Amino acid sequence: MIRTIRLALLAILLPTVAMSHATPLYTAAGFGTADKLVTFDEVSIAPGSAVTTQFSAYGVTLSADMRRDSLFFNPANFSGAYIENTGADMPHSIFFNGPVTAAGAYWEFNSGITQRLSAYLNGNLVESYTYTNGGCCESSAFLGFANSGFDEIRLDAVDGDTSFIMDNVSFRPAQISAVPEPVSLALFGIGALGIAVMRKRKHQLR
C-alpha cells in the first residue's frame, strides 16, 4: 500500500515540478493597464540616497547597495529618477510583495558585459539566463521573466563588472484563488486513498 501511495504521489508531483520553470522575458509589450508599474518617481528621494523599502507600498523592495539618481544621459525607456548600484558586489535583487507571474525592468550595462538574471520563489531558484549587453549608453533592454510564480529577480555579474542602472519595473501579481493548489489536492486525495485501503484491509482481517 505504501509503495502504491508513493508512486501515485510521484506521478502527480512530477508535472507540477515541470511547470515551475519561467520563460525569459525580453519585452514589456505584454504588460497593460491592469499590471503594476514602478517608475521610482512615486516617492521623492534625494539623488544619491539609498533605496530599499521606500517603494514597498507600490509592491517593490530593493536589496541593499542600490541608490536613487536622476538621468545624466538618455537611455531608451528610462524616465525621471532611476536606480543604480553603488559599486558594491553583486548580487542585487528586486523583491516583490508577493508572487508575480510576470515581471521585468529596463536595464543598462556597460558595453559587452554579460549579466545573469535569475527568478526565485521563497529563496528557491525558478529560472536563470544570461544577457550580454551591446553598446552603451543610449539604449536599454527590458529583461525579466514570465509564465511562472516568483517573488524575486536577482542580478549577478558574470564578467565581474557590477555597474548597472535600472528603471520602470513592470509586474503582474499572481491571482490568489480559494481553490486548493494541485499539490494540496493531490495530498488530500492520496490521504483519502490510504484511509480507504487501510479500512479495506482491516475489514478483511475480521
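Coordinate-derived values only; no laboratory data. Just so we're clear, the structure is a prediction, and the values are computed from it rather than from any experiment. Note that each Cβ is placed from the backbone with ideal geometry, even for glycine, and that neighbours are counted across all protein chains shown.
Which far-off residues, 5 or more places away or on another chain, put their amide H under 5 Å from the one on residue 102, with H placed in the peptide plane?
Under 5 Å from the amide H of residue 102 lie the amide H atoms of 172, each far enough along the sequence or on another chain.
What residues have an amide H closer than 5 Å to that of residue 140, excluding those fewer than 5 places away on the same chain, when H is modeled at 1.01 Å from N in the peptide plane?
Answer set, sorted by chain and number: 76.
Can you sort 92, 21 from fewest to most other Cβ atoms within 10 Å of each residue's own Cβ?
Going from sparsest to densest Cβ surroundings: 21, 92.
In nanometres, what is the gap between the two model label sites at residue 70 and residue 21, each 7 Å from Cα along Cα-to-Cβ?
With each label point 7 Å from Cα toward Cβ, the separation is 4.6 nm.
Treating the beta-carbon of each Lys and Arg as +1 and of each Asp and Glu as -1, no other charges, what is the dipole magnitude of region 2-175 about its Cα centre, to the nearest 20 debye?
Working: 8 positive and 16 negative charges, 165 e Å.
Computed about the Cα centre, the dipole is about 800 debye.
Using the charge dipole of region 93-184 (Lys, Arg: +1 at Cβ; Asp, Glu: -1 at Cβ; taken about the Cα centre), state which of 136, 146, 165 has its Cα farthest towards the positive end.
So the residue furthest toward the plus end is 146.
At 7 Å along the Cα-to-beta-carbon direction for both residue 158 and residue 34, put a label point, then send me their distance in nm to one decimal.
Between residue 158 and residue 34, the simple spin-label model gives 3.5 nm.
Using the per-residue mean of other Cβ atoms lying within 10 Å as a proxy for protection, in what order, highest first, do the peptides 93-99, 139-145, 52-58 fall?
Top to bottom by mean Cβ count within 10 Å: 139-145, 93-99, 52-58.
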